Amino acid sequence: MPKLKNKKTAGKKIVKKKAPLAKTEKIVEPIILQTLRGMKDILPADQPYWEQLRRVTERLARDYGFSRIDLPVVEYSNLFIRSIGEGTDIVDKEMYNFVTRGGDKVSLRPEFTAGICRSYIQNGMNVLAKPVKLFSTGSVYRYDRPQEGRYREHHQVNYDAFGEQDPILDAQMIQVAHRVVQSLGIKSVQIQVNSIGCPVCRKDYIELLTNYLESKRNKLCQNCKKRLEISPLRILDCKEDKCSQVAANAPQSIDHLCEDCRVHFKTLLEYLDELDLPYIINPHLVRGLDYYTKTVFEIWSGLEEGRKNSLGGGGRYDKLIKMMGGEDTPAIGFALGMERIILEMKRVQAKSYKPPKPRVFLAQLGNLAKKKSLKLFSELEKNAILVAESFGRGSLKSQLKVANRLGVELTLILGQKETLDGTVIVKNMTTGVQETVSMDKLVDHIKKKLKTDNVVIYHNHN
Ligand code: AMP
């Protein structure tokens, strides 16, 4: 219907005067119905992959003797700054830093190791039998430029072992990382290993490397020119073509290891050979963090298409606990990126977790039966019988439709008469045969019908 024009205002432009804001009135900002850039919801549809990943990583942690540890997401900023090191991308550009209302300078964790070391020292774990093996999982925050496989909030699983310097532990950690991805169905992986030496031999090597890189300074990218002063090692890791060319002829750390580091690395490689693990020595693998010593490694995938993708990585950090104020404690750890692993699982069409399906449906008819049905459901649940229902529906027909759609084997029908008699009708959905079973025999009856060993025990954590 066309709007009727008011005679007085016809032909005139109506300018509505804004009512002045009352002094107490606040401007209400609209709710932005979006996650922050680089952050994602993990929706139910994706959960079977996460569940599979959680199950495999937790099982392997248990099998290899790791105890679970959970830490706060927020720690004092200085913990990360001092351990990861100034001059690294994480500390200089990527940390979520803020000051609390109480004036503490804190950060969202950009990785796990620093917090785990803090907890090791704070909780006196040095008195525990060595190696102390810890497993942790949760979210990690890095203010990076988001793209596929790189997020501002991502999740990691982290395995660390303290108090053992024997290279057999390095080999075992690499074995665990490899077992995780293999067990998830990611078969085409490559383990990249390198040794960046200890502070003693690394000092001489860095000098040699710096001299070489200085002589090629004008061939380096802007970023690497800056890195030359603070962390020349990381130039070897630069993805820019021109820097890779310079790096190709650079002196390599493994040629300049002291005797102790050389033997450590050689022994590690012997263990990896013994395990038949698909490793290659990558002299340019340095990892972006300051705390590493000796062994560093990464797990790469997606090699068929030539696109390399780091699923995880780690290394030794023998000096970190002491540097933080604890006892001299050798240590090694690695982190796997959960989102990256899930992307890869999808790419290779790996199996995701299939939750057990209910084989029994509970239908109710009438008010009295409806009231009793919640209790009956929980009785069955307590007896590890997984049951489906559609309590919101009234008619038996529509409930049976749901039961059929779910493909259950038995439907329990609880009506007014059955409720008063203390019985339930058990309908075999394949044959259509119905039996009336007394309530106190119901659990046994169902178990027998479904054959006891086939009953889905959904509390089972295998
Ligand atoms: P890093 O210690 O930085 O090598 O991280 C360990 C693993 O976490 C990497 O190999 C990736 O799989 C994953 N990862 C690191 N940064 C991100 C990110 N920004 N988004 C998603 N996954 C990441």
Q: Spot the failing condition for A114; the list is (1) under 17 Å from the mean Cα position of the chain (by Cα); (2) of a type in the set (G, A, S); (3) within 12 Å of the ligand (Cβ to nearest atom), and only one is missed.
A: (1)
Q: Answer yes or no: is there a residue in the range 148-158 that is aliphatic (A, V, I, L, M), more than 23 Å from I332 (Cβ to Cβ) and crowded, with 16+ Cβ neighbours inside 10 Å.
A: no
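Criterion first (surrounded by 16 or more Cβ atoms within 10 Å (Cβ to Cβ) and either assigned by TED's automatic domain parsing to the domain that holds T137 or not in a helix (DSSP H, G or I) (or both)) does E51 satisfy it? Working first, answer last.
Working: surrounded by 16 or more Cβ atoms within 10 Å (Cβ to Cβ): no; either assigned by TED's automatic domain parsing to the domain that holds T137 or not in a helix (DSSP H, G or I) (or both): yes.
Criteria not met by E51.
Quick one: which residue in G407, G432, G392 is assigned by TED's automatic domain parsing to the domain that holds K372, farther than 21 Å from S378 by Cβ and either β-branched (V, I, T) or without any contact (Cβ under 8 Å) to a residue 12 or more places away in the chain (or both)?
Numbers: G407 fails: either β-branched (V, I, T) or without any contact (Cβ under 8 Å) to a residue 12 or more places away in the chain (or both); G392 fails: farther than 21 Å from S378 by Cβ.
Answer to the check: G432.
Output the residues belonging to the range 162-180 that are within 16 Å of the ligand (Cβ to nearest atom) and in contact with a Leu (Cβ under 7 Å, 6 or more places away or on another chain). Steps first, answer last, please.
First, the residues of the range 162-180 that are within 16 Å of the ligand (Cβ to nearest atom): 173-174, 176-178, 180.
Selection gives I174, V176, A177, H178, V180.
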Q: Residue by residue through the range 277-296, note down the ones that are touching a helix residue (DSSP H, G or I) at 6+ places or on another chain (Cβ under 8 Å), at pLDDT 90 or above and aliphatic (A, V, I, L, M).
A: L277, I281, L285
Q. For the range 53-88, which residues satisfy the criterion of being more than 26 Å from T293 (Cβ to Cβ) and touching a Gly at 6+ places or on another chain (Cβ under 9 Å)?
A. D70, P72, V73
(Q) Being within 16 Å of the ligand (Cβ to nearest atom) and without any contact (Cβ under 8 Å) to a residue 24 or more places away in the chain is the filter here; which residues of the range 323-332 pass it? (A) none
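Any residue that is within 16 Å of the ligand (Cβ to nearest atom), of a type in the set (F, W, Y) and over 30 Å from I425 (Cα atoms) - is there at least one of those in the range 333-341? So that I can check it myself, show each step before the final result.
Residues of the range 333-341 within 16 Å of the ligand (Cβ to nearest atom): 333-341.
Then keep just the ones that are of a type in the set (F, W, Y); that gives 334.
Applying the additional criterion that residues be over 30 Å from I425 (Cα atoms) yields 334.
Within the range 333-341, one or more residues are within 16 Å of the ligand (Cβ to nearest atom), of a type in the set (F, W, Y) and over 30 Å from I425 (Cα atoms).
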(Q) Can you list residue pairs whose Cβ atoms sit under 8 Å apart, with the first residue in the range 149-177 being under 30 Å from R37 (Cα atoms) and the second being among the hydroxyl-bearing types (S, T, Y) and assigned to a helix (DSSP H, G or I)? Count only pairs 6 or more apart in sequence or on different chains. (A) V157/T57; N158/T113
(Q) Any residue that is more than 15 Å from the ligand (Cβ to nearest atom) and modelled with pLDDT of 95 or more - is there at least one of those in the range 139-161? (A) yes
Q.
Quick check on my filter: what residues within the range 320-348 are in contact with a Gly (Cβ under 8 Å, 6 or more places away or on another chain) and not in a helix (DSSP H, G or I)?
A. T329, P330, A331, I332, G333, F334, A335, L336, G337, V348
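The values are calculated or read from the model by the stated rules, or taken from the named source; none is laboratory data. Quantities reported herein were computed from a predicted structural model and do not represent experimental measurements. Every residue, glycine among them, receives a Cβ derived from its backbone with ideal geometry; neighbour counts consider all protein chains shown.
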